[in-house]
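The values are calculated or read from the model by the stated rules, or taken from the named source; none is laboratory data. Note that this is a predicted model, so its numbers are computed, not measured. Ideal geometry is used to build each Cβ from the backbone, glycine not excepted, and the neighbour counts take in all protein chains shown. Side chains are part of the model used for accessible areas, which takes the heavy atoms of the whole protein and leaves out ligands, DNA and RNA. Shrake-Rupley method; radii C 1.70, N 1.55, O 1.52, S 1.80 Å.
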Amino acid sequence: MVCVGFVRSFNSAVMAVVRYLPDYQLDTSFGTGGVATVAFAGGQAEANRAVLLPTGALVLGGFVERSFDRSLAMARLTASGALDTTFGVGGLVERVIPGDSSETIQAMLEFQGQLFVAASTLESGNFALLRFNPDGIVDTSFGTAGLASADFNGMADSSASLAVHQGALLVGGYTGALNQSESRNLGLARFLTT
């Protein structure tokens with residue numbers, strides 16, 4: 001079992017993950033005493049999602065912020081908690097949604113050997129789904145340059161979950177309400193993977 005988050009000190013923050021044994025004791029064979037941290041140069045990073053890959057590697061997902069600009073951020077750790085430098089650039093991936101900014105990674109999963117990431121865009125307020133190859137490089141054959149999005153009635157939408165159903169990806173979350181007396185509506189978008 002793992003728990004993800006961040007460690008903050010003064011003006012810096014790094015992604016953090018803690019791994020536990022089945023008896024809820026720290027797994028001291030992971031990272032340093034059961035804890036691994038990941039820094040993104042010049043930025044404050046937080047992890048809020050993790051995906052355990054079939055190889056035993058762990059992908060952390062969240063965001064990195066620099067001067068109030070946020071990018072989606074991922075880091076891959078080996079089964080022992082070391083940064084896997086074969087992923088992205090030196091073990092790290094940062095992705096800005098073109099023409100928009102992103103909040104954070106809301107959900108992640110591995111499917112058919114690729115990593116899918118659900119996020120929300122700030123300016124356009126849409127569900128966003130990105131696909132990455134196993135090496136952490138965005139798969140430009142998916143959607144438009146690796147990004148597919150869904151908009152519900154032009155309102156502010158936010159993704160919250162991601163699941164596989166009959167070979168397609170389902171992104172769930174909430175949508176802005178057309179009627180001012182309602183605060184939010186549930187939203188579900190289905191994306192084909194081919």
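Worth pointing out:
- Positions within the range 22-53 being within 21 Å of the chain's Cα centre (by Cα), open to solvent by 80 Å² or more (accessible area, probe 1.4 Å) and more than 24 Å from R66 (Cβ to Cβ), in sequence order: L52
- Between S161, S141, the distinction of being open to solvent by 30 Å² or more (accessible area, probe 1.4 Å), part of a loop (DSSP other than H, G, I, E, B) and polar (S, T, N, Q) belongs to S141 only.
- Boolean, R184 is touching a residue at least 12 places away in the same chain (Cβ under 8 Å) and either surrounded by fewer than 14 Cβ atoms within 10 Å (Cβ to Cβ) or farther than 24 Å from A47 by Cβ (or both): no
- Residue check for R19: buried (at least 17 other Cβ atoms within 10 Å of the Cβ), within 19 Å of A79 (Cβ to Cβ) and under 16 Å from the mean Cα position of the chain (by Cα): no
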